[in-house]
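Student: Pasting a structure here, questions to come.
The values are calculated or read from the model by the stated rules, or taken from the named source; none is laboratory data. Owing to the predicted nature of the structure, the values given are computational and were not obtained by experimental measurement. Using ideal geometry, Cβ is built from the backbone for each residue, glycine included, and neighbour counts are taken over all protein chains shown. Just so you know, the surface numbers come from the protein's heavy atoms only, side chains and all, with ligands and any DNA or RNA stripped out. Shrake-Rupley method; radii C 1.70, N 1.55, O 1.52, S 1.80 Å.
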Amino acid sequence: MEHPLPARRATTAALAVLALAAATACGGAQGDDSEGGDARAGEAQRLHKAQLVQFEKAKVVPQRSETGTYSELSTTKQTDKLRKTAELDKPQCMDAANQWADLPEVRKAPTSLATFARGDDTITHTLIAVPEETAEEVVSASPPEGCDSYEATMKDGSTTSYRLKEVDMEQIADGSRAFAVETAIGGEKVWLYSLVYRNGGYLGTTTALGPNSEDDYRDTVAAFTREAVEREDRLLA
């Protein structure tokens with residue numbers, strides 16, 4: 001049976017670039033940590049050991065997971081490259097829900113990214129070691145005004161429309177915020193729900209990507225994140 005992740009690779013890339021660029025996983029293997037040294041690489045591995053290995057029926061996919069300095073992850077590099085191929089009618093909306101991805105403190109931070117497969121859905125969890133004040137800044141940031149809807153034009157002339165909304169949910173860990181992005185690709189409606197949170201000096205994001213056919217992504221990202229935080233508190237204390 002064909003694995004569901006490759007079939008959604010283009011969809012994931014498009015959403016990653018235009019909605020929550022750093023939040024969805026398209027890459028694999030380990031990021032080059034040549035600038036960070038052994039200490040940074042070691043911290044990234046420690047974060048990776050604190051990741052869940054399974055959430056309900058969703059199992060981690062090792063070949064779609066990676067560790068290293070955030071800016072050097074293959075996922076980040078691919079996203080940075082893809083972002084340059086899109087032209088938005090509202091340029092300020094390129095990073096509407098993840099303005100944090102370009103913060104210097106994030107770019108140089110030890111990072112673990114884990115991807116989970118669940119039928120037609122893909123769940124991604126990213127854990128980043130940053131200064132506590134950086135994590136606080138990330139969680140408190142609001143999307144730019146006017147980004148509730150926007151349109152992207154790719155190099156081939158194709159256009160895609162997006163709708164972004166903030167999702168109301170109870171606070172998780174030391175602070176959290178959630179967003180949802182809706183688009184349609186190939187006639188199929190696709191949703192990307194993302195929850196960003198601060199757990200002490202750690203910044204985490206949980207995303208769910210897919211058709212959201214049972215309208216459960218809001219609950220999925222919340223439940224996943226609560227389990228992830230419990231494991232982090234046990235293993236990273």
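Student: Pick out, from region 1-86, the helices (runs of 4 or more DSSP H) lying fully within it that include 1 or more residues that are closer than 22 Å to residue 232 by Cβ and at pLDDT 50 or above. Steps first, answer last, please.
Tutor: Numbers: elements: 4-7, 9-18, 37-49, 74-83.
Result: 37-49, 74-83.
Student: Scan region 138-167 for residues that are open to solvent by less than 50 Å² (accessible area, probe 1.4 Å), assigned to a strand (DSSP E or B) and closer than 16 Å to residue 98 by Cβ and jot them down.
Tutor: 150, 152, 162, 164, 167
Student: Assess whether residue 57 counts as being touching a residue at least 40 places away in the same chain (Cβ under 8 Å) and either open to solvent by 20 Å² or more (accessible area, probe 1.4 Å) or at negative phi (or both).
Tutor: On the way: touching a residue at least 40 places away in the same chain (Cβ under 8 Å): yes; either open to solvent by 20 Å² or more (accessible area, probe 1.4 Å) or at negative phi (or both): yes.
Considered against the rule, which asks whether it is touching a residue at least 40 places away in the same chain (Cβ under 8 Å) and either open to solvent by 20 Å² or more (accessible area, probe 1.4 Å) or at negative phi (or both), residue 57 comes out as yes.
Student: Restricting attention to region 168-196, which residues are more than 18 Å from residue 95 (Cβ to Cβ) and not charged (D, E, K, R)? Write out each step before concluding.
Tutor: Let us first name the residues in region 168-196 that are more than 18 Å from residue 95 (Cβ to Cβ), namely 168-176, 184-191.
Matches in region 168-196: 169, 171, 172, 173, 175, 176, 184, 185, 186, 187, 190, 191.
Student: When you scan region 185-206, do you find a residue that is open to solvent by 40 Å² or more (accessible area, probe 1.4 Å) and assigned to a loop (DSSP other than H, G, I, E, B), even just one?
Tutor: Checking region 185-206: at least one residue is open to solvent by 40 Å² or more (accessible area, probe 1.4 Å) and assigned to a loop (DSSP other than H, G, I, E, B).
Student: Something else now. When only residues in region 168-179 that are open to solvent by 20 Å² or more (accessible area, probe 1.4 Å) and under 16 Å from the mean Cα position of the chain (by Cα) count, which is farthest from residue 144 (Cα to Cα)?
Tutor: Among those residues, the one meeting the criterion is 176.
Student: Could you tell me which of the residues 175, 146, 200 is within 25 Å of residue 42 (Cβ to Cβ) and of a type outside the set (A, V, I, L, M)? Talk me through it step by step, then tell me what you get.
Tutor: Working: 175 fails: within 25 Å of residue 42 (Cβ to Cβ); 146 fails: within 25 Å of residue 42 (Cβ to Cβ).
Going through 175, 146, 200 in turn, the sole match is 200.
Student: Among (1) in contact with a strand residue (DSSP E or B) (Cβ under 8 Å, 6 or more places away or on another chain); (2) closer than 20 Å to residue 208 by Cβ; (3) touching a residue at least 24 places away in the same chain (Cβ under 8 Å), where does residue 170 come up short?
Tutor: If we test residue 170 against (1) in contact with a strand residue (DSSP E or B) (Cβ under 8 Å, 6 or more places away or on another chain); (2) closer than 20 Å to residue 208 by Cβ; (3) touching a residue at least 24 places away in the same chain (Cβ under 8 Å), just (1) comes out false.
Student: Let me ask something additional. Under the condition of being among the acidic types (Asp, Glu) and more than 19 Å from the chain's Cα centre (by Cα), which residue from region 149-167 is nearest to residue 216 (Cα to Cα)? Before you say what the answer is, go through the steps one by one.
Tutor: Start the filter on region 149-167 by keeping residues that are among the acidic types (Asp, Glu), which leaves 151, 156, 166.
Among the residues that remain, those that are also more than 19 Å from the chain's Cα centre (by Cα) are: 151, 156.
On the way: 151: 26, 156: 34 Å.
By that ranking, first place goes to 151.
Student: Could I ask something else about it? Being hydroxyl-bearing (Ser, Thr, Tyr), open to solvent by less than 10 Å² (accessible area, probe 1.4 Å) and in contact (Cβ under 8 Å) with a residue 12 or more places away in the chain, is that true of even one residue in region 99-113?
Tutor: Yes, there is a match, as at least one residue in region 99-113 is hydroxyl-bearing (Ser, Thr, Tyr), open to solvent by less than 10 Å² (accessible area, probe 1.4 Å) and in contact (Cβ under 8 Å) with a residue 12 or more places away in the chain.
Student: Now for a separate question. From the list 226, 218, 231, 177, which one is of a type in the set (Lys, Arg), touching a residue at least 24 places away in the same chain (Cβ under 8 Å) and assigned to a strand (DSSP E or B)? Break it down into steps so the answer makes sense when it comes.
Tutor: Details: 226 fails: assigned to a strand (DSSP E or B); 218 fails: assigned to a strand (DSSP E or B); 231 fails: assigned to a strand (DSSP E or B).
Result of the check over 226, 218, 231, 177: 177.
Student: Moving on to the next point. Report, by residue number, each residue of region 121-135 that is surrounded by fewer than 15 Cβ atoms within 10 Å (Cβ to Cβ) and assigned to a helix (DSSP H, G or I). Working first, answer last.
Tutor: Looking only at region 121-135, we keep the residues that are surrounded by fewer than 15 Cβ atoms within 10 Å (Cβ to Cβ), and these are 131-133.
Listed by number, the residues that qualify are 132, 133.
Student: For residues that are among the acidic types (Asp, Glu) and touching a strand residue (DSSP E or B) at 6+ places or on another chain (Cβ under 9 Å), scanning just region 216-237, find the one that is farthest from residue 127 (Cα to Cα).
Tutor: The initial filter retains those residues of region 216-237 that are among the acidic types (Asp, Glu), namely 216, 219, 227, 230, 232-233.
Within this subset, residues satisfying the condition of being touching a strand residue (DSSP E or B) at 6+ places or on another chain (Cβ under 9 Å) are 216, 227, 232-233.
Working: 216: 23, 227: 13, 232: 10, 233: 13 Å.
Restricting to residues being among the acidic types (Asp, Glu) and touching a strand residue (DSSP E or B) at 6+ places or on another chain (Cβ under 9 Å), the top hit is 216.
Student: I'd like the full set of residues that are open to solvent by 30 Å² or more (accessible area, probe 1.4 Å) and polar (S, T, N, Q), limited to region 72-93. Give the derivation first.
Tutor: Going residue by residue through region 72-93, those that are open to solvent by 30 Å² or more (accessible area, probe 1.4 Å) are 72, 74, 77-78, 80-85, 87, 89-92.
Across region 72-93, the qualifying residues are 74, 78, 85, 92.
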